[in-house]
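The values are calculated or read from the model by the stated rules, or taken from the named source; none is laboratory data. All values derive from a computational prediction rather than experimental measurement. Positions of Cβ are backbone-derived with ideal geometry, glycine not excepted, and every protein chain shown enters the neighbour counts.
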Amino acid sequence: MIMGELRDFVAELMERHGAAVEPLAGDRLQVLAPTPLRAAFGWPELAQLSFGAQRPRDAISIGLEGDWLDRFGSLLGESGRWASRQLMACTGEGPSDPERVLNRSLNFPNATWRFQGLTATFTRCMMLTFRYSAFSDEKYEGLVRIGLNLSTGAVLDDIIEELRSALAREQWQVPDPATRLGSSSRLETAALEAKIRALVDHRVRGELKLFLRAMHRRMDRDRRRVHEYHEDLRKVPIKRLSALAEATGETPGAERKREQLRMAAIEREYQAKLDDLRHHYATRVVVEWLQGLDLYIPVQRFAVLIRRRKGERRIIIDWHPAVRRLEPPPCDWGLGLDHARLVCDDKLHLTGPEGQAVCRSCAKRWCRACAPGGCPRCETGSR
Ligand SMILES: [Zn+2]
Ligand SMILES: [Zn+2]
C-alpha cells in the first residue's frame, strides 16, 4: 500500500465514523473527529494527519510502521469482514439448449427426470473465507474458501472461484432492496451452520493432506531410529542373560537380576522416548473465519421433475451465466460436491451414493437423510 492509498483509506474510515475530513496540501488530512474517535486515537478535536515521508512537528505522522494499521483495523471491527455485492443483470442470458445442459450434467442412476422450465432470476450466494493453521513439529497455514447457493442449497465448490473472477471482471453494485427480498435463503440457520462446518472441515482436511503425510513420514523415521537405538541397547543384557542361563549359584543369580533390571530400564526409556515423539508431533489445527461475501447474482433457474418408482419431486438447479455452468443438484444429506445423486424410495431425498449405501450390520440399503441417526433396521444404530 502506498501512502496515497493509506491516506484515502484513513479519510474514508474517519468519515464513516462521523469525522469531517478535509484534504490539505502535502499529503495531509485535517480531521475534525467526534469524541469516541478522539478518545480511541488520543487526538485533539482538530487533528492534522500527515502521510508524507517526513515527520512534521505540527501534525500527527501516520505510516505503515508502528501500530497504526492495527488501530485502524480495530475501528473497522466486524464491519470490514462482510460485504454485499450484486452482479449486474447483463450476464443473465440463458443457455441456448437447456435440455442439453441437463443431459450433460445430471446423473441420477436410480431415477428419471424431466425438464420443466427455465426462469431468469437472482439468487443469493454466500462466499466465506477461512484461515487454517496447523501446528505440529512444523507450522502450516493457508486459506480455504467455500461457497453456497443459499436459494437452492447447492454447494458451489469450484464454481465459487470462477464467480470470484467474474466479480473482478463484471460490473457490480450494492444489492438493491428488491433483489435482496426476492432471493432469500432456503436454509435454516442450524442447517446452514452444519453445512458450513462440514464443508470447511472437508476442505481443510484436503489442504492438510500433504502436510500431514510429510509429518507422518518424519514421525515414522524418528520412531524407527528410537526403536533401533533401543534394540541395540537391549542386545547387551540379552547376550549376558543367555550366557548366564545355564549358570547356577549366587553370583550368576545376582548378575541375572542386574541384567533384568537393566532391560526394564531400557524399556522404560524407550516408552518415554515414544511419548516425547507423540508430544513433539501432536497436531493442533485452528480455523478462523476471515471474510464473508453476500452475493446476489443473476441465474437461470431450472425446474426439474425427479421420478422414482411412484413418487415424484420437483427440484430447482441454478445455471450460472457469469461462469456458464450448472451447479450440482441439491443434496439432502452429505456435502454433495459432485453431480451424482441417488433418490430414496420413501421421501425422494437426494443424496450422494454414500447416503444410500448398505448398512454394515444388516447389508440392506437405507437413506441417511430419512434416518440420520443410524440404520432403522438395526437396533444397534449401525452406520
Ligand atoms: Zn442395518
Ligand atoms: Zn430418504
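Take the conditions (1) closer than 14 Å to F108 by Cβ; (2) within 16 Å of ligand 2 (Cβ to nearest atom); (3) charged (D, E, K, R); K364 misses just one of them, which is (1). Going through (1) within 30 Å of A83 (Cα to Cα); (2) of a type in the set (A, V, I, L, M); (3) not in a loop (DSSP other than H, G, I, E, B) one by one, L187 falls short only on (3). Do the conditions hold for H202, that is, is it part of a helix (DSSP H, G or I) and in the same structural domain as D157 (by TED's automatic domain parsing)? The answer is yes for H202.
Residues that are closer than 25 Å to G94 by Cα, exposed (fewer than 15 other Cβ atoms within 10 Å of the Cβ) and of a type in the set (D, E) are absent from region 255-274 altogether. Annotation note: of L37, L13, L49, the sole residue that is part of a strand (DSSP E or B) and either on the phi < 0 side of the Ramachandran plot or among the hydroxyl-bearing types (S, T, Y) (or both) is L49. Look at (1) in contact (Cβ under 8 Å) with a residue 24 or more places away in the chain; (2) within 11 Å of ligand 2 (Cβ to nearest atom) and you find that V323 fails only one, number (2). Filtered by the rule that a residue be under 17 Å from I297 (Cα atoms) and either in a loop (DSSP other than H, G, I, E, B) or not assigned by TED's automatic domain parsing to the domain that holds S183 (or both), region 315-348 gives P321, A322, V323, R324, E327, P328.
Figure legend. Inter-residue proximity from region 365-378: first residues under 20 Å from C331 (Cβ atoms) and assigned to a loop (DSSP other than H, G, I, E, B), second residues near ligand 2 (Cβ under 10 Å from one of its atoms) and of a type in the set (S, T, Y), beta-carbon distance below 7 Å, spacing 6+ or different chains. Indicated pairs: C367/T351; R368/T351; A369/T351.
Conditions (1) in contact (Cβ under 8 Å) with a residue 12 or more places away in the chain; (2) in the same structural domain as K139 (by TED's automatic domain parsing); (3) within 31 Å of the chain's Cα centre (by Cα), marked per residue:
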site	(1), (2), (3)
A214	no, no, yes
D222	yes, no, no
E228	no, no, no
D232	no, no, no
E246	no, no, no
T251	no, no, no
E255	yes, no, no
R258	no, no, no
A264	no, no, no
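Residue by residue, here is whether (1) farther than 17 Å from R307 by Cα; (2) within 14 Å of ligand 2 (Cβ to nearest atom) holds:
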site	(1), (2)
L337	yes, no
A340	no, no
C344	no, yes
G352	no, yes
A371	yes, yes
C375	yes, yes
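Considering only residues that are small (G, A, S) and closer than 19 Å to A198 by Cα, look in region 341-371 and name the one that is farthest from ligand 1 (Cβ to nearest atom). Applying the filter and picking the extreme gives G352.
Within region 154-193, being among the hydroxyl-bearing types (S, T, Y) and loosely packed, with under 12 Cβ neighbours inside 10 Å holds for S165, S184, T189.
Among the residues of region 108-115, none qualifies, meaning not one is at pLDDT below 85 and surrounded by fewer than 12 Cβ atoms within 10 Å (Cβ to Cβ).
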